[in-house]
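The next block holds one structure in the form of structure tokens; read it before the comments.
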Amino acid sequence: MRKAEQALIEQLEARFREVTRLLYDTTVPARVLDEELMPMIADDVTFTDPWQKGGGKETYRKGAAGFHCMFRFDFDIFQLNIQLEPDGKSGRAMVDGVMNLKQFAWLYTYPLRTILVFDFTLQRGEDGGEALPLIHAHEEMWSFADMIANVPGVTTLYNGFRNTFSKGFLVASAVCGRLKQAT
């Protein structure tokens, strides 16, 4: 990888860490979202999660502000990756981490394993300065297993089910393997 491309990727990694903080730390006020996040959101942006799908910059802005108003959460990043297209004009950012839902923080913080995917094009200033991403798609994916396992009182039961299912699957695999060898 060329030095310039590596520098661009590092710059974009830092930028998407900030995008993730802005979107997933609900202590960030709507005014800051408007000032710092919205210039990086394309007019044709789409947002997708397991419960909803929508599009358009104004809808996105209202949704982000609404989430910050209605919910309490932050995000722990485990890893972040930037993949640029060969032409260097667009790419994808993937963020792997945990969204910590703190709606009832005095009682329980619900950790939800989450993968974020941002598709973007690069905007370059007229002066050739820093390349800024323009986000066209934002997808949020949640781990179904984590959704179940992290419900208070369900964890032990769910883990028992998973262990039992795993053993049953291995037995079925061994039987299948033997039957296949016999033919």
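The criterion of being more than 20 Å from Ala131 (Cα to Cα), at pLDDT 95 or above and open to solvent by 30 Å² or more (accessible area, probe 1.4 Å) holds for Phe78.
Checked against the criteria, Asp25 does not count as open to solvent by less than 20 Å² (accessible area, probe 1.4 Å), over 19 Å from Thr121 (Cβ atoms) and out of contact with any Ser or Thr (no Cβ under 8 Å at 6 or more places or on another chain). In region 137-170, of all residues being open to solvent by 50 Å² or more (accessible area, probe 1.4 Å) and assigned to a strand (DSSP E or B), the one that is nearest to Val117 (Cα to Cα) corresponds to Glu139.
Quick check on Ala64: is it of a type in the set (Gly, Ala, Ser) and modelled with pLDDT under 90? No. Take region 28-72 and flag every residue that is polar (S, T, N, Q), in contact (Cβ under 8 Å) with a residue 60 or more places away in the chain and open to solvent by 70 Å² or more (accessible area, probe 1.4 Å). If the condition is that a residue be polar (S, T, N, Q), in contact (Cβ under 8 Å) with a residue 60 or more places away in the chain and open to solvent by 70 Å² or more (accessible area, probe 1.4 Å), then no residue fits. Select from region 104-120 the residues that are loosely packed, with under 14 Cβ neighbours inside 10 Å and closer than 21 Å to Leu22 by Cβ and list them in ascending order. Scanning region 104-120 gives a single hit, Ala105.
The values are calculated or read from the model by the stated rules, or taken from the named source; none is laboratory data. In this text, all values refer to a predicted model and were calculated from it rather than measured experimentally. FYI the Cβ positions are ideal-geometry reconstructions off the backbone, even for glycines, and counts take in every protein chain you see. To get the accessible areas, we keep the full protein, side chains included, count just its heavy atoms, and leave off ligands, DNA and RNA. Shrake-Rupley method; radii C 1.70, N 1.55, O 1.52, S 1.80 Å.
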